[in-house]
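Trainee: Quick one: this structure, given as structure tokens, is what I'll be asking you about.
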Amino acid sequence: MQIEESQLTLSLELFRQLVDCENVSDLKNTVISPFSLSIVLAVLYEGSSGETAKELALLMTGSDKLDDCNLHYSREYFVCLMQSLKKCHSKNCQLLITNKVFKSIEKEVNENFANTIQKSYLFDEETVNFVDAEKAAKTINEFVNKATNCMLPAITAADQIDPTTCLLLLSVLYFKGSWGFGPFNIDCTQKATFHNFDGQKPQVDTMFKHISAPYYGDDQLQAVRLPYSSPNVSMILLLPRNKENFSQVVQNLDANFLQSIMNGKKTVEREVDVHLPKFKVDSKHDLTSVLKNLV
């Protein structure tokens with residue numbers, strides 16, 4: 001399996017694990033950055049061996065081993081991806097990815113490993129004293145707050161810092177963009193019915209715009225790709241035809257389908273009416289059990 005396909009597959013498997021399709025009435029809004037997780041897993045693989053390395057390779061590629069050629073390709077993939085994402089950054093489309101490894105002041109780190117993650121995965125290094133939990137938490141939170149332009153002021157606290165920690169890997173993604181087709185007209189925003197899985201039908205502020213965009217539709221779902229001002233950045237919306245077939249749609253999604261929507265092979269340019277509810281998503285996940293279920 002090519003690494004691009006395996007990364008999309010991992011993203012979908014994460015989504016399926018986080019969204020319990022058997023209990024749709026209990027579903028909540030969820031947000032996750034599969035890229036951030038993938039690059040951290042790749043760095044962990046660089047410093048692992050034995051069964052741990054096999055499980056990490058299985059997560060990343062679908063195979064329980066990475067030979068030297070595939071490992072080199074994996075490194076090149078992340079370097080190229082990071083560089084291409086940096087090119088998407090502009091005044092009206094801010095896309096920032098900041099990677100950091102916090103290294104314990106009391107422990108030595110293999111020099112080859114440290115050089116690899118810096119050169120191949122663009123992780124900056126900072127030494128901290130994890131025994132001083134208050135100061136360590138403050139250092140970590142200040143880094144994240146700056147990397148997210150003050151959108152995420154804190155991700156940890158002193159009582160969550162393990163003094164025996166050797167390394168702490170962080171990959172932070174920040175995005176703020178303007179639409180490539182222009183802003184939604186505030187005068188067109190109206191209250192509209194939103195159908196929740198629990199049967200409730202709240203009235204929510206819903207934006208509207210008539211645009212030309214890449215569109216796909218079949219008897220199960222509709223998909224539309226909404227471009228941002230940077231030509232290589234888009235939001236892809238997937239809408240099941242009805243909420244009763246949501247579980248089936250989620251289970252049927254695969255990497256090839258998503259790739260064909262992103263590269264335009266399955267879409268056609270057409271006039272569409274976009275009704276988009278205003279929403280804010282804030283979620284927190286412990287992925288330990290999720291990752292265990294994937295190996």
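Trainee: Here is a list of conditions, (1) outside any loop (DSSP other than H, G, I, E, B); (2) crowded, with 18+ Cβ neighbours inside 10 Å; (3) at pLDDT 90 or above; (4) of a type in the set (Phe, Trp, Tyr), and PHE78 meets all of them except one; can you say which number that is?
Mentor: All conditions pass for PHE78, except number (3).
Trainee: With the requirement that a residue be acidic (Asp, Glu) and in contact with a strand residue (DSSP E or B) (Cβ under 9 Å, 6 or more places away or on another chain), what does region 100-127 give you? Talk me through it step by step, then tell me what you get.
Mentor: Taking region 100-127 and keeping what is acidic (Asp, Glu), we get 106, 108, 111, 124-126.
Passing the criteria: ASP124, GLU125, GLU126.
Trainee: Consider LYS86 against the criteria (1) part of a loop (DSSP other than H, G, I, E, B); (2) out of contact with any helix residue (DSSP H, G or I) (no Cβ under 7 Å at 6 or more places or on another chain); (3) within 24 Å of VAL31 (Cβ to Cβ): it satisfies all of them except one. Which criterion is unmet?
Mentor: Here LYS86 meets the rest and fails (1).
Trainee: Which one of these is within 22 Å of GLU46 (Cβ to Cβ) and either modelled with pLDDT of 95 or more or not assigned by TED's automatic domain parsing to the domain that holds ARG75 (or both): PHE143, PHE123, PHE113?
Mentor: Numbers: PHE123 fails: either modelled with pLDDT of 95 or more or not assigned by TED's automatic domain parsing to the domain that holds ARG75 (or both); PHE113 fails: either modelled with pLDDT of 95 or more or not assigned by TED's automatic domain parsing to the domain that holds ARG75 (or both).
Only one candidate passes the filter, namely PHE143.
Trainee: Being loosely packed, with under 14 Cβ neighbours inside 10 Å, out of contact with any Phe, Trp or Tyr (no Cβ under 6 Å at 6 or more places or on another chain) and not acidic (Asp, Glu) is the filter here; which residues of region 167-195 pass it?
Mentor: Result: LYS176, GLY182, PRO183, ASN185, ILE186, GLN190, LYS191, THR193, HIS195.
Trainee: Those residues that are aliphatic (A, V, I, L, M) and more than 27 Å from LYS28 (Cβ to Cβ), I need them from region 198-247; list them, please. Explain how you work it out, then say what you get.
Mentor: Filtering region 198-247 for residues aliphatic (A, V, I, L, M) gives 204, 207, 211, 213, 221, 223-224, 226, 233, 235-239.
Answer for region 198-247, where residues must be aliphatic (A, V, I, L, M) and more than 27 Å from LYS28 (Cβ to Cβ): ILE211, ALA213.
Trainee: Could you check how many residues of region 108-137 are buried (at least 16 other Cβ atoms within 10 Å of the Cβ) and part of a helix (DSSP H, G or I)? Let's see the steps before the verdict.
Mentor: Kept after step one, since they are buried (at least 16 other Cβ atoms within 10 Å of the Cβ), are these residues of region 108-137: 109, 114, 116-117, 120-123, 128, 130, 133, 136-137.
When the remaining residues are screened for being part of a helix (DSSP H, G or I), the result is 114, 116-117, 120, 133, 136-137.
Residues flagged as buried (at least 16 other Cβ atoms within 10 Å of the Cβ) and part of a helix (DSSP H, G or I) within region 108-137 amount to 7.
Trainee: Tally time: how many residues in region 253-274 are assigned to a strand (DSSP E or B) and surrounded by 12 or more Cβ atoms within 10 Å (Cβ to Cβ)?
Mentor: 3
Trainee: Go through the residues of region 36-47 one by one and say whether even a single one is at pLDDT 85 or above, among the charged types (D, E, K, R), in a helix (DSSP H, G or I) and closer than 20 Å to GLN118 by Cα. I'd like the intermediate steps shown before the answer.
Mentor: Let us first name the residues in region 36-47 that are at pLDDT 85 or above, namely 36-47.
The next check asks that each one be among the charged types (D, E, K, R); those that pass are 46.
Narrowing the set further to residues that are in a helix (DSSP H, G or I) leaves 46.
From what's left, closer than 20 Å to GLN118 by Cα: 46.
Among the residues of region 36-47, at least one is at pLDDT 85 or above, among the charged types (D, E, K, R), in a helix (DSSP H, G or I) and closer than 20 Å to GLN118 by Cα, which makes the answer yes.
Trainee: Starting from region 82-94, take each residue that is under 19 Å from TYR121 (Cβ atoms) and touching a residue at least 12 places away in the same chain (Cβ under 8 Å) and list its partners that are of a type outside the set (Gly, Ala, Ser) and assigned to a loop (DSSP other than H, G, I, E, B), counting only C-beta distances under 8 angstrom and pairs at least six apart or across chains.
Mentor: MET82/TYR121; MET82/LEU122; SER84/ASN232; LYS87/ASN232; CYS88/ASN232; CYS88/VAL233
Trainee: Let me ask another. Quick check: is even one residue across region 136-147 within 11 Å of LYS100 (Cβ to Cβ), over 19 Å from the mean Cα position of the chain (by Cα) and hydroxyl-bearing (Ser, Thr, Tyr)?
Mentor: For region 136-147, residues within 11 Å of LYS100 (Cβ to Cβ), over 19 Å from the mean Cα position of the chain (by Cα) and hydroxyl-bearing (Ser, Thr, Tyr): present.
The values are calculated or read from the model by the stated rules, or taken from the named source; none is laboratory data. Just so it is clear, the structure is predicted and the values come from calculations on it, not from any experiment. For neighbour counting, all protein chains shown are included, and Cβ atoms are generated from backbone atoms with ideal geometry for every residue, glycine included.
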